[in-house]
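Some notes on the structure that comes next.
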Amino acid sequence: MTTALNQPAPAPAAAAASTDLAPLKLVIVGHVDHGKSTLIGRLLHDTGALPDGKAEAVKAMSDRRGMPMEWAFVLDALQAERDQGITIDTTQIFFKTATRPYVIIDAPGHKEFLKNMVSGAASADAAILVVDAKDGVQEQTRRHGYILHLLGLEQVVVAVNKMDLVDYDQGRFEAVAAEVRAYLISMGIAPVHILPVSARHGDGLAATSDRMPWFKGPPLIAALDDLPAKPLPVDLPLRFPIQDIYKFDDRRILAGRIESGRLTVGDALLFSPTNARARVKSIEAWAIDGPVTSASAGQSIGITLDDQLFVERGHVASHATEPPVETNVFRARIFWLGRAPMEVGRRYKLKLATMEHPVEVQAIERVIEVGDLSERPADRIERNEVGEVILRARATLALDPFTDNPKLGRFVLIDGYDMAGGGLVSMEGFPDQRQRTAPTSQNITAVEHRVTTDARWSANGHKSGILWLTGLSGAGKSTLAVELEQALFRKGWQAYVLDGDNIRFGLSADLGFAPEDRAENIRRVGEVAALFARAGVLVITAFISPYREDRDRARAVAPELFHEVHVKADLAICEGRDPKGLYKKARTGEIAEFTGISAPYEEPDSPDLEVDTGALSLQESVARLLGYVEANFGGNGNGR
């Protein structure tokens, strides 16, 4: 049994702590008033980390306020915190055990200070989640647990605190332990230990307590010493974000911190998003005697290259065989902390590693209820809510899905000058936009035609071009394309339909329906459609073509000939039609990555023509298309 001040502080053991190990960064989180600061204060006392006289000073301070020994005063340096009894800012505290040194990050529990909690937890290696034995799991317990999940913290120790308030009852401990274990496991976090403690009285911290003989597990300090050191991500692909460029004598040094992987002199590097390549000529390190030939994750270094490339802050160096994703659109799971709600169309500054770019909220797909992990549709994300969104940037970004590489898969959003949210990157449903379209064949020369496109228009009596019909499955693209083709043929026009299904029987028979395959399919169709159009044919394409980036790439092949037509119909209407039964299969999970259900459809921003088949009949829709074609392609060169 322990008391407030009579337990001897094990300073000799602490002094024997290994100096070879890096400190384990430990964040302590939990609902306000569940005793985090008290736990830390007592933990420091029991490990001999308090300066001489500090415990006596805290005792005197508590006496003056007419309260029992308040260990939280060890940490609460701000007068406002002592008066309100809450932790406002994130505090870092150092202590040692016989096994290793620690850095404790005391994160605030109050709802209004979650921003500081996120900042603190983001740099931690492990976490202690404090739960009041009497109150059990509360709103902030669940919220903080979810933040640990968002930040990818896998090593979590749960301290069921204030066991003295429930008379050290085994049944109450087991009930709270079962509740918190079920919640954490539902998010994929398996708690390493769930321990009963009384921070105020020191039970279960430095040693087992005779007040809880029924508990056979370790005390808290032994449980922490048991945690394995978090390995540096040296086995992940190389990610070296450039922080700055320095010029010394004749050297141009690219400086930064290796976030993952290894780097060696002579390595061939690919810089994203420019896709420039060069080899590492030298590695420059500070305060190291002699040449450096290699470096790995966690090291801050500089490098010189064998070629003077254009490289700037925010670019990412990698090995060419394992580059990051390049994209201007991605999904994200967001924890929102902004004063104003996140809304569709709002713009924020995205900060990821050393990169900063403005992004726009393209869509808010759902809000997640932290309490029970249920989901609901929403058009905004309020403060302290979690949601899944689609973000779009004008520039091409270099990043990784969080599940592949957390170092380039975690970001923050800035609103004005304030951190407004943090999130994790997901590329689910979106392709890697890294350009792989350069010809690989050698010794090829483009054929110059002697018959010009204008001559073909004159012979045909109409212009040629690409009428690109895009829309959800079931919107009516193929039906309209075939009807339009027939109407134009009767008028003597040279017109031909390229349909999605027919293309996949031949030209794209080797492709599946993953995002990258969809992108390649549209690339091929864009090239073929441009060849048809330059041959004098009005090409009518009928493809879902769900990604704006892919449609823009198809337009870029022959921009003067490309006309984008949005065949519009609400998802409910398309699903009600379901001419091929695909929506039904997608809803039952038989079809993965189905557009509109489990994969995104990005509507055109400003199509050349919109045909709403949900509001117009087939005849009206065809008439509208035909009118557009005659106005823009008819009359021996009249029109656009």
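Observations, loosely collected:
- Selection count, the range 363-386, where residues are surrounded by fewer than 20 Cβ atoms within 10 Å (Cβ to Cβ) and part of a strand (DSSP E or B): 6
- So GLY345, is it closer than 22 Å to PRO604 by Cα and not in a strand (DSSP E or B): yes
- Residue under evaluation VAL412, criteria (1) assigned to a loop (DSSP other than H, G, I, E, B); (2) aliphatic (A, V, I, L, M); (3) closer than 30 Å to ASP235 by Cβ, criterion not met: (1)
- Taking (1) part of a loop (DSSP other than H, G, I, E, B); (2) surrounded by 14 or more Cβ atoms within 10 Å (Cβ to Cβ) in turn, ARG339 satisfies each apart from (2).
- Residues located in the range 159-205, provided they are under 33 Å from the mean Cα position of the chain (by Cα) and aromatic (Phe, Trp, Tyr): TYR183
- The listed residue being assigned by TED's automatic domain parsing to the domain that holds HIS193 and either aliphatic (A, V, I, L, M) or in contact with a strand residue (DSSP E or B) (Cβ under 8 Å, 6 or more places away or on another chain) (or both), out of GLY266, GLY261, GLY256, GLY217: GLY217
- Scope the range 594-611; condition of a type outside the set (S, T, N, Q) and surrounded by fewer than 17 Cβ atoms within 10 Å (Cβ to Cβ); matching residues: GLU603, ASP605, ASP608, GLU610
- In the range 82-126, of all residues being assigned to a strand (DSSP E or B) and hydrophobic (A, V, I, L, M, F, W, C), the one that is modelled with the lowest pLDDT corresponds to ILE105.
- Some residue of the range 442-453 being surrounded by fewer than 21 Cβ atoms within 10 Å (Cβ to Cβ), modelled with pLDDT under 95 and outside any loop (DSSP other than H, G, I, E, B): yes
- Residue that is surrounded by the most Cβ atoms within 10 Å (Cβ to Cβ), among those in the range 527-536 that are out of contact with any Leu (no Cβ under 9 Å at 6 or more places or on another chain) and touching a residue at least 24 places away in the same chain (Cβ under 8 Å): GLY536
- Taken together, the residues in the range 127-180 that are assigned to a loop (DSSP other than H, G, I, E, B) and among the β-branched types (Val, Ile, Thr) amount to 1.
- Selection within the range 271-302 - within 17 Å of ILE258 (Cα to Cα) and in contact (Cβ under 8 Å) with a residue 60 or more places away in the chain: SER272, SER296, ALA297, GLY298
- Failed item, numbered, when ARG392 is tested on (1) out of contact with any Pro (no Cβ under 8 Å at 6 or more places or on another chain); (2) outside any strand (DSSP E or B): (2)
- Condition check for SER545: of a type in the set (S, T, N, Q), assigned by TED's automatic domain parsing to the domain that holds LEU472, over 15 Å from ILE466 (Cα atoms) and assigned to a loop (DSSP other than H, G, I, E, B): no
- For the range 545-568, filtered to residues that are hydrophobic (A, V, I, L, M, F, W, C) and surrounded by 22 or more Cβ atoms within 10 Å (Cβ to Cβ), the residue that is farthest from ARG523 (Cα to Cα) is VAL567.
- Residues in the range 493-512 that are of a type in the set (A, V, I, L, M) and either in a loop (DSSP other than H, G, I, E, B) or more than 36 Å from the chain's Cα centre (by Cα) (or both): ALA495, VAL497, LEU498, LEU507, ALA509, LEU511.
The values are calculated or read from the model by the stated rules, or taken from the named source; none is laboratory data. Quick caveat, the model's predicted, so the values are computed rather than measured. Heads up, the Cβs are rebuilt from the backbone with ideal geometry, glycines too, and the neighbour counts pull from every protein chain shown.
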